[in-house]
Amino acid sequence: MPAVNNLVGRTLGRLLGLPPHTTEYEVVHRVRVPMRDGVELVADHYRPLTANPAGTLLVRTPYGRGYPASALFGSVYAARGYHVVIQSVRGTFGSGGDFIPFDHEIADGADTAAWLRDQPWFTGSFATMGASYLGFTQWALLTDPPPEMAAAVITVGPHDLSGPRWGTGSFGLNDFLGWNDAITHQEDPGRIRNVVRMVRTKRMLADATAGLPLGEAGRALLGEGAPWYESWLEHPEHDDPFWAQTRLHSALERTEIPVLLLTGWQDVFIDQTLEQYTQLRRRDVPVAVTIGSWSHGHLLTKGAPTVLRESLGWLDSHLAGNGGAKRSPVRIHVNHGGWLDLEEWPPAMPEQVRYLQPGGRLGDAVPPDTAPASTFTYDPADPTPTVGGRLLSPVGGYRRDDKLAERSDVATFTGDALPQDVHVVGNPVLELSHSCDNPHNDLFVRVSEVDSKGRSRNVSDGYRRATGDSGTITIELDAVAHRFRAGSRIRVLVAGGSHPRFARNLGTGEPLLTGRALRPATHSVHVGDGASRLRLPAGAPPSPH
């Protein structure tokens with residue numbers, strides 16, 4: 001139905017403010033793609049009806065070939081002259097074999113590229129694109145890039161899922177279980193049944209993350225799905241050989257292909273995106289990064305117009321060869337500010353130091369060496385709750401955290417009202433003089449902004465697993481570009497956990513899979529003589545490109 005497809009392309013393009021479409025297209029469904037082991041994967045081919053196609057795009061996804069993939073990848077790009085192949089990865093939505101997360105993406109990606117090479121309509125070169133897991137499939141292909149691969153557009157895409165590394169420091173319990181539950185049920189029949197289950201999932205997920213031991217509690221949620229769950233819990237360390245297939249650092253060392261990276265300050269994988277950018281830029285690979293004030297899910301919703309426009313520009317330059325508009329290597333959105341074009345990340349910024357002080361204050365003055373420590377007790381039976389932050393879950397992102405700051409198991413340090421705007425661009429660092437009566441303890445730290453009305457919202461987080469019993473601990477917080485407005489105050493929060501974003505430290509040293517016993521941990525934050533301090537890359541906004 002080229003006419004209907006053309007209407008979809010026109011409408012979506014207008015809604016998202018995209019360049020005008022150039023052609024009609026048709027869709028060939030359920031194309032079979034053979035793998036080396038005899039398994040066949042299923043793909044849909046969006047074929048532009050033009051004698052001069054712009055190029056070929058490959059999208060490999062575990063989430064199905066219907067909406068939103070059909071619209072955001074198929075319709076948008078086919079209507080602008082690209083052949084688009086949207087393929088369901090092994091074991092999903094009609095593709096053969098069993099779905100085991102991350103295990104087959106290197107081989108299956110290579111076999112799909114070899115299949116593309118033999119198609120009569122193939123344009124001679126191709127690019128890849130996609131978000132999240134779809135980004136991982138791209139890094140898998142980039143571990144040994146095919147000669148025809150000309151570009152990649154990777155949106156919130158990790159290259160390392162060992163541990164699994166959903167976030168920094170500890171096991172990402174809420175996202176891990178939530179994602180596995182979603183994957184388990186994504187192909188269940190019946191829309192009404194799925195709606196009912198979605199309503200129940202929030203409560204079921206809360207029960208699963210609260211239950212102990214984690215193995216039993218998670219299995220009660222997952223049923224017979226996600227059979228890999230227990231083995232993942234048994235291997236929580238990211239350097240365990242068990243995770244070899246999920247660590248694709250070789251792609252960062254080998255690829256020479258132009259890569260566009262897109263992410264958000266509140267994306268769960270922003271640390272990996274910035275590592276990707278840094279390594280590729282160091283090797284002079286053509287690379288650019290755009291970072292918005294978005295969470296993981298925002299990249300395909302509120303961030304979609306920016307993502308699609310910049311993706312089209314990148315493909316126009318590096319695949320279609322039309323010499324698209326030049327862009328800066330780094331494009332960032334300053335939260336409470338605007339967009340900035342930069343030559344590098346991080347930009348050169350002066351450092352401002354603020355000291356944690358007695359009485360819950362944060363200021364420029366160094367406290368006397370006699371200043372008393374701030375203490376709090378973390379109780380794993382009533383763990384400090386997660387409020388906002390870098391989550392896959394829609395409850396993540398920027399959230400009010402006033403109630404979190406008021407809890408007795410959180411140490412809070414708040415500065416005076418700022419006389420003028422302060423731009424923080426880079427990674428804040430918290431140096432914490434810390435001791436604890438239990439060597440099995442974690443530290444969660446946060447920088448928040450308290451506005452002129454006393455409302456507090458998160459800005460940047462950090463986490464450290466199993467810190468030990470005492471010493472000075474340096475925690476690098478999440479990268480950020482944030483304007484603290486004049487009249488607002490900077491706040492530091494220190495806690496013993498953030499549950500269920502991170503699996504709670506039980507305080508006993510028992511394994512995550514089977515641990516049941518709980519032991520509290522009393523923490524002391526020492527502030528005398530400036531022992532604990534916040535270092536901010538802060539000042540006037542960085543010079544734009």
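The values are calculated or read from the model by the stated rules, or taken from the named source; none is laboratory data. Nothing here was measured: the structure is a model prediction, and the numbers come from that model. Backbone-built Cβ (ideal geometry, glycine too); neighbour counts: all protein chains shown. For accessibility, only protein heavy atoms count, side chains too; no ligands or nucleic acids. Shrake-Rupley method; radii C 1.70, N 1.55, O 1.52, S 1.80 Å.
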Only one of A531, A517 that is in contact with a Ser or Thr (Cβ under 8 Å, 6 or more places away or on another chain), surrounded by fewer than 24 Cβ atoms within 10 Å (Cβ to Cβ) and without any contact (Cβ under 8 Å) to a residue 40 or more places away in the chain: A517
Given the conditions (1) assigned to a loop (DSSP other than H, G, I, E, B); (2) closer than 30 Å to D207 by Cα, and given that F376 satisfies all but one, which numbered condition is not satisfied? (1)
If the requirement is being β-branched (V, I, T) and part of a helix (DSSP H, G or I), which of these qualifies: V59, V85, V76, V42? V76
Restricting region 282-322 to residues that are hydroxyl-bearing (S, T, Y) and closer than 12 Å to A151 by Cβ, which is least open to solvent (accessible area, probe 1.4 Å)? S311
Filter region 50-67 for residues that are small (G, A, S) and free of Cβ contacts under 8 Å to residues at least 60 places away in the same chain; which is farthest from R117 (Cα to Cα)? G66
Residues located in region 448-474, provided they are in a strand (DSSP E or B) and either within 19 Å of the chain's Cα centre (by Cα) or without any contact (Cβ under 8 Å) to a residue 12 or more places away in the chain (or both): N458, V459, S460, D461, G462, Y463, R464
Any residue that is charged (D, E, K, R), within 20 Å of T155 (Cα to Cα) and buried (at least 19 other Cβ atoms within 10 Å of the Cβ) - is there at least one of those in region 49-61? yes
Sort out which residues of region 358-371 are open to solvent by 40 Å² or more (accessible area, probe 1.4 Å) and without any contact (Cβ under 8 Å) to a residue 60 or more places away in the chain, and write them in order of number. G359, R361, D364, A365
Just to be sure, is S295 touching a residue at least 40 places away in the same chain (Cβ under 8 Å) and within 26 Å of A78 (Cβ to Cβ)? no
With the condition kept exactly as written, say whether any residue in region 100-114 is surrounded by fewer than 24 Cβ atoms within 10 Å (Cβ to Cβ), in contact (Cβ under 8 Å) with a residue 60 or more places away in the chain and over 14 Å from T137 (Cβ atoms). no
From the option list A304, A320, A348, single residue qualifying as in contact (Cβ under 8 Å) with a residue 24 or more places away in the chain, hydrophobic (A, V, I, L, M, F, W, C) and in contact with a Phe, Trp or Tyr (Cβ under 9 Å, 6 or more places away or on another chain) is A320
Yes or no: Y355 under 22 Å from R407 (Cα atoms), open to solvent by less than 60 Å² (accessible area, probe 1.4 Å) and in contact with a Leu (Cβ under 8 Å, 6 or more places away or on another chain)? yes
Please work out which one of (1) open to solvent by less than 50 Å² (accessible area, probe 1.4 Å); (2) modelled with pLDDT under 60 is the condition V196 fails and give its number. (1)
Select, from S498, S460, the only residue that is touching a Pro at 6+ places or on another chain (Cβ under 8 Å), small (G, A, S), open to solvent by less than 60 Å² (accessible area, probe 1.4 Å) and farther than 30 Å from P227 by Cβ. S460
For a quick check of your reading of the model, give me the residue pairs whose first member lies in region 494-510 and is basic (K, R), whose second is in a loop (DSSP other than H, G, I, E, B) and open to solvent by 20 Å² or more (accessible area, probe 1.4 Å), with beta-carbon atoms closer than 7 Å and at least 6 apart or on different chains. R501/T386; R504/P383
